[in-house]
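The values are calculated or read from the model by the stated rules, or taken from the named source; none is laboratory data. Just so it is clear, the structure is predicted and the values come from calculations on it, not from any experiment. Heads up, the Cβs are rebuilt from the backbone with ideal geometry, glycines too, and the neighbour counts pull from every protein chain shown.
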Amino acid sequence: MTGNTDNRGPAATRRRVLGYAGAGTVMATLGRPDLAFGRAALPRTVEALIPAAKDEPGATMFGLSVPADSAAGFKAEMNAFYGFELDISMTGGMHPVKAAEIAQLQKRGISPDIDCFYTSIGTSIVLRDAGILVTEPWAEELGVAPDRLITPSMIRILDSALPLMSYNTERTESAELPTRWEDLLDPRWKGRIASPRIPVGAFLYNTYAIGEARMLALIEGLMDHDVIWVARTPESAARLLSGEASLALSLDIGSQLAKGAPLAYVPVQPALITSWGAHLVKGSKSPNLSKLFAYFLSTDVGQEAFGRHVGFSTRDNPASITAKAFEGLGVTDVPAAWINENFKRLAGTYAAAMGLR
Amino acid sequence: MTPGVFVGLMRSIGVSAAALLGVVLVVLIVASLSADSRIGQWTFANYADLFALPDLTPVLKRTLAVGIGTTIVLMGLALPMSWILARTKFSGRALLLFLFAATLTIPAFVTAMSYVWLFNPNSGIVNQALERLTGRPGLFDVYSIAWICLIQGLKLTPPAVFMMLPAFMNLDAALEEAAAVSGVSPPRAFFGVVLPVLAPAVGATAIFFFILAIEIFDVVAVIGMPADIDVLTVLSYQAIHTVYGPPDYGFASAVGMPLVLLSGLGVLIYLRLLRRADRFALMGGKTRRVEAKDLGGWALLAWLIVVVWGLLTVVIPLFTVIWTSLTPFLMPPSPAALRELSFASYAGASALILKPLINTLLLIAAVLCLAIVWSVCLSWLTTRIGAASDRAMDAVIFLSMAVPGMLLAIAMQFLSLSAYGWLPLYGTIWLIVVTMAARALAFATRTINSAALQIDRSLEEAAYVCGIGPVRTFFGVFVPLVRPAIGVAALVIALVVSRDLAIPLVLYTPDAPVLATAIYDLQSVGRYGEAAVLSLIVVGLLVLCAAGARAVAVKNRKHEEEMT
């Protein structure tokens with residue numbers, strides 16, 4: 001969805017690491033045990049995880065595809081936060097395929113190769129149905145702030161623009177933009193909308209605002225509207241930036257905005273977004289490392305590091321790229337309860353309307 | 001070693017490959033007959049769903065059209081190019097080989113994307129230029145089956161040439177000399193003498209690439225999907241890439257079965273060609289070596305073919321990659337965009353290259369070792385022993401190419417999970433090695449078979465008569481004679497392994513990234529510039545490797561000639 005936006009470079013990382021180390025040294029000298037080892041202040045529940053985490057084998061966090069330098073930058077900040085080196089890897093791929101794979105491993109009594117799975121609320125339903133997630137309220141027990149929790153066992157780690165519509169500011173006048181979802185069926189947009197051919201992006205989430213009947217009519221109309229259907233989300237950005245498409249659906253433009261690309265979200269109201277959450281995977285060999293990773297993402301420091309290195313964050317920090325990209329839109333979340341209740345049914349209905357199984 | 005023991009040894013090596021791919025095929029057939037991807041819950045529901053698709057007939061027609069169209073384009077280019085390279089003193093030979101290597105290193109979706117930028121009806125650069133000249137908008141529309149066939153045909157020409165080249169090189173020079181003495185022009189000699197004589201190799205290549213053309217997904221994803229040009233691979237892709245439920249492997253496998261059936265038809269034709277192979281043996285004890293001939297006035301036509309093909313297949317996509325590497329974000333070429341160009345992406349990408357590069361080189365080396373050993377053994381068995389079991393193994397290898405790469409990877413993952421207790425390959429780079437080597441077998445065995453078919457068995461029989469054992473005969477006669485074919489197979493496998501994404505994407509581990517997954521990761525997060533730089537580095541390195549390999553081959557050939 002978005003990309004690396006590290007504008008400060010390794011020098012800033014070094015300063016940050018040294019800063020934590022210095023602060024830790026001072027605090028340790030002053031006799032504050034929870035700030036020993038050069039780390040940040042931690043709740044006792046989190047601190048209690050550290051000794052066991054140090055003895056665990058490496059843990060793999062599955063969610064976004066993260067290039068090596070971005071992962072290294074993020075991990076450096078996390079290590080500094082905790083005061084020791086966490087042996088973690090970050091990887092991404094096809095979420096439902098990985099969920100099916102983990103379920104197979106668990107069925108055969110083999111420890112999964114994924115320890116923490118972070119994904120959208122909708123995909124979480126697939127993971128939950130596959131029975132691969134820890135359902136105990138581990139996140140709540142860690143003391144994660146309630147506004148950073150989606151459920152007691154799911155930490156909110158980023159806000160996704162999947163439900164939004166984007167446009168190229170150099171090729172489309174803001175006065176011409178759609179003001180309602182139905183405006184997409186205007187002949188002027190025929191053959192000029194790029195979208196991944198998935199039912200669970202903008203279509204599903206915006207049903208919360210406009211209702212199922214109107215959305216179904218829109219999808220059916222779009223099937224005869226020469227939409228530029230693409231296989232992967234990044235391809236939508238390519239079509240939008242090249243001018244082939246005037247509008248793109250289900251595209252996160254944060255990373256491109258950070259590079260100065262002439263893109264913006266279309267201010268159709270209500271402007272809805274949806275969150276991603278971090279889960280623990282059952283049978284993990286490194287549950288404590290996974291909890292530390294997830295907890296770090298629930299903190300302001302972790303959010304800042306995630307946004308700067310990986311390009312994603314929640315909108316809580318007004319200085320983040322995510323918050324800036326949403327500026328002026330008045331975004332609101334699609335409620336998790338509504339997603340849980342409607343996701344599978346609507347996904348099936350819309351998939352059928354789109355000619356998908 | 002007695003001949004019986006030697007054949008047994010070769011068979012045990014061949015069986016390991018054929019059994020692996022045979023099990024994969026069985027897994028897919030069983031999956032297609034299972035409910036909810038659960039083995040043992042038998043059902044025809046997946047096939048019922050497939051045949052209930054309202055647009056199944058158009059999908060099948062489109063799939064056939066893509067296969068036939070692509071094969072026509074690529075054979076139309078590959079045949080003259082093979083002949084030019086193998087039989088003439090064409091002065092652009094080095095350039096053509098360089099272009100071939102470069103083509104194989106550029107991912108097909110990059111080539112397809114370049115054509116979208118140039119020829120899409122809304123904002124295609126060529127269309128806009130023509131609109132300014134003619135006043136007519138959207139003269140070209142890239143979103144059609146014809147363009148898919150053209151782009152796939154252009155991209156697949158180099159491996160097709162590499163597959164046919166050994167056969168062309170082994171052709172007895174006396175045949176063409178007789179034609180020339182009789183006053184027959186080079187093109188007429190090509191169609192009237194060369195082509196009929198090389199029928200098995202040419203036929204096998206055409207069948208192979210027909211199947212490949214309907215199995216690959218990259219170009220269809222970029223050009224077919226936006227225009228609703230659904231083919232079988234699109235259905236398969238959608239079944240695996242579910243977004244709201246578990247992947248539907250059963251339906252994906254059922255969709256793959258028409259491809260397997262088409263491959264089966266190809267195998268039957270191929271086996272028929274093999275039965276008549278003795279009639280086409282061209283290299284015997286008395287065969288004359290190739291003597292390259294002057295093209296004369298036809299050289300201009302040869303240059304035209306090479307330049308046009310190079311422009312369409314290498315220059316346009318390579319320019320796109322270079323352009324993307326210089327821009328801060330994706331932007332089409334324009335005078336205004338020139339002001340934005342910088343080398344900023346190069347600094348970021350250089351820090352990312354080392355580990356994936358080392359892993360990729362190790363992967364290439366391991367895949368090459370395994371694939372070449374497997375394929376030489378299988379080719380020797382098929383073309384020299386030819387027992388029913390050997391032909392069955394060859395048929396299994398041929399059939400396996402109908403399985404899309406991603407489906408093969410998923411089947412291999414399933415197998416590795418099942419066998420985890422006694423063979424813990426799951427989650428290691430070795431699983432990728434075995435899968436990629438197995439994937440390469442269809443191409444490698446076809447390439448080596450086509451060369452081996454044209455080597456008369458009398459050469460090996462003479463060795464046996466002289467009392468030379470089977471091992472020495474194999475390494476002293478068979479292997480040296482098919483060495484050019486082994487070389488081109490190795491080159492193509494290395495180039496393809498370096499950029500193949502479908503298999504590593506399913507099987508790779510984050511601790512062992514390869515170049516293809518590193519590029520994918522960068523693209524996924526919108527770092528197109530750095531992804532382009534990595535692609536350029538790959539292109540540069542592989543072209544250097546290919547040039548180095550060619551230099552060594554030329555040196556060896558000179559040395560052999562001097563020794564002779």
Open item on the list: Please determine whether any residue of the range A:141-149 is free of Cβ contacts under 8 Å to residues at least 24 places away in the same chain, within 11 Å of another protein chain (Cβ to nearest Cβ) and either surrounded by fewer than 21 Cβ atoms within 10 Å (Cβ to Cβ) or of a type outside the set (Val, Ile, Thr) (or both).
Closed with: no
Task: Residues (surrounded by 14 or more Cβ atoms within 10 Å (Cβ to Cβ) and outside any helix (DSSP H, G or I)) located in the range A:321-357 - done: A:Phe326, A:Leu329, A:Val331, A:Asp333, A:Val334, A:Met354, A:Gly355, A:Leu356, A:Arg357
Task: Which listed residue is over 22 Å from B:Arg62 (Cα atoms), of a type outside the set (A, V, I, L, M, F, W, C), within 14 Å of another protein chain (Cβ to nearest Cβ) and touching a Phe, Trp or Tyr at 6+ places or on another chain (Cβ under 8 Å), from B:Asn127, B:Asn120 - done: B:Asn127
Open item on the list: For the range A:306-357, which positions are under 23 Å from A:Pro67 (Cβ atoms), within 14 Å of another protein chain (Cβ to nearest Cβ) and of a type outside the set (Val, Ile, Thr)?
Closed with: A:Phe306, A:Gly307, A:Arg308, A:His309, A:Gly311, A:Phe312, A:Ser313, A:Ala325
Open item on the list: Taking the condition of being closer than 22 Å to B:Ile145 by Cβ and among the small types (Gly, Ala, Ser), how many residues in the range B:27-69 meet it?
Closed with: 3
Open item on the list: Step by step: first the residues of the range B:248-271, then only those that are among the hydroxyl-bearing types (Ser, Thr, Tyr) and away from chain A (no Cβ under 14 Å), then the one that is surrounded by the most Cβ atoms within 10 Å (Cβ to Cβ). Which residue is that?
Closed with: B:Ser263
Task: Evaluation of A:Leu158 against (1) touching a residue at least 60 places away in the same chain (Cβ under 8 Å); (2) more than 30 Å from A:Arg44 (Cα to Cα); (3) of a type in the set (A, V, I, L, M) (one fails), failing number - done: (2)
Task: Test set (1) over 21 Å from the mean Cα position of the chain (by Cα); (2) among the basic types (Lys, Arg); (3) surrounded by fewer than 21 Cβ atoms within 10 Å (Cβ to Cβ); (4) modelled with pLDDT under 95 - A:Arg214 fails condition number - done: (4)
Open item on the list: Suppose we keep only residues that are over 20 Å from B:Ile353 (Cα atoms), in contact with a Ser or Thr (Cβ under 8 Å, 6 or more places away or on another chain) and of a type outside the set (Asp, Glu) within the range A:77-93. Which one would you say is nearest to the other protein chains (Cβ to nearest Cβ)?
Closed with: A:Gly93
Task: All positions within the range B:429-465 that are among the hydroxyl-bearing types (Ser, Thr, Tyr) and either touching a Leu at 6+ places or on another chain (Cβ under 9 Å) or buried (at least 18 other Cβ atoms within 10 Å of the Cβ) (or both) - done: B:Thr435, B:Thr445, B:Thr447, B:Ser450
Open item on the list: Quick check on B:Val181: is it surrounded by 15 or more Cβ atoms within 10 Å (Cβ to Cβ) and either within 22 Å of B:Ser450 (Cβ to Cβ) or β-branched (Val, Ile, Thr) (or both)?
Closed with: no
- [ ] Scan A:Ala12, A:Ala36, A:Ala21, A:Ala28 and give me the residue that is more than 14 Å from chain B (Cβ to nearest Cβ), assigned to a helix (DSSP H, G or I), under 30 Å from B:Ala532 (Cβ atoms) and modelled with pLDDT under 80.
- [x] A:Ala12
Task: Residue count, the range A:220-279 (criterion: closer than 14 Å to A:Ala161 by Cα and in a helix (DSSP H, G or I)) - done: 8
Open item on the list: Give me the helices (runs of 4 or more DSSP H) completely within the range B:479-556, filtered to those with at least 1 residues that are within 14 Å of another protein chain (Cβ to nearest Cβ) and of a type outside the set (S, T, N, Q), ordered by residue number.
Closed with: B:502-507, B:515-524
TODO: For the range A:94-116, enumerate the residues that are touching a Phe, Trp or Tyr at 6+ places or on another chain (Cβ under 7 Å) and more than 9 Å from chain B (Cβ to nearest Cβ).
DONE: A:Lys98, A:Ile114, A:Cys116
Task: Among the candidates B:Leu407, B:Leu425, residue that is within 13 Å of chain A (Cβ to nearest Cβ), surrounded by 18 or more Cβ atoms within 10 Å (Cβ to Cβ) and without any contact (Cβ under 8 Å) to a residue 12 or more places away in the chain - done: B:Leu425
Open item on the list: Any residue at all in the range B:158-175 that's modelled with pLDDT of 85 or more and in contact with a strand residue (DSSP E or B) (Cβ under 6 Å, 6 or more places away or on another chain)?
Closed with: no
- [ ] Report whether or not A:Leu222 is under 29 Å from A:Lys324 (Cα atoms), buried (at least 17 other Cβ atoms within 10 Å of the Cβ) and either at pLDDT 95 or above or within 14 Å of another protein chain (Cβ to nearest Cβ) (or both).
- [x] no
Task: Residues located in the range A:183-210, provided they are within 25 Å of the chain's Cα centre (by Cα) and away from every other protein chain (no Cβ under 14 Å) - done: A:Asn206, A:Tyr208, A:Ala209, A:Ile210
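The rows are residues; the columns are (1) touching a helix residue (DSSP H, G or I) at 6+ places or on another chain (Cβ under 8 Å); (2) of a type outside the set (A, V, I, L, M).
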position: A:Ala271; (1), (2): no, no
position: A:Trp276; (1), (2): yes, yes
position: A:Leu280; (1), (2): yes, no
position: A:Ser284; (1), (2): yes, yes
position: A:Phe293; (1), (2): yes, yes
position: A:Thr332; (1), (2): no, yes
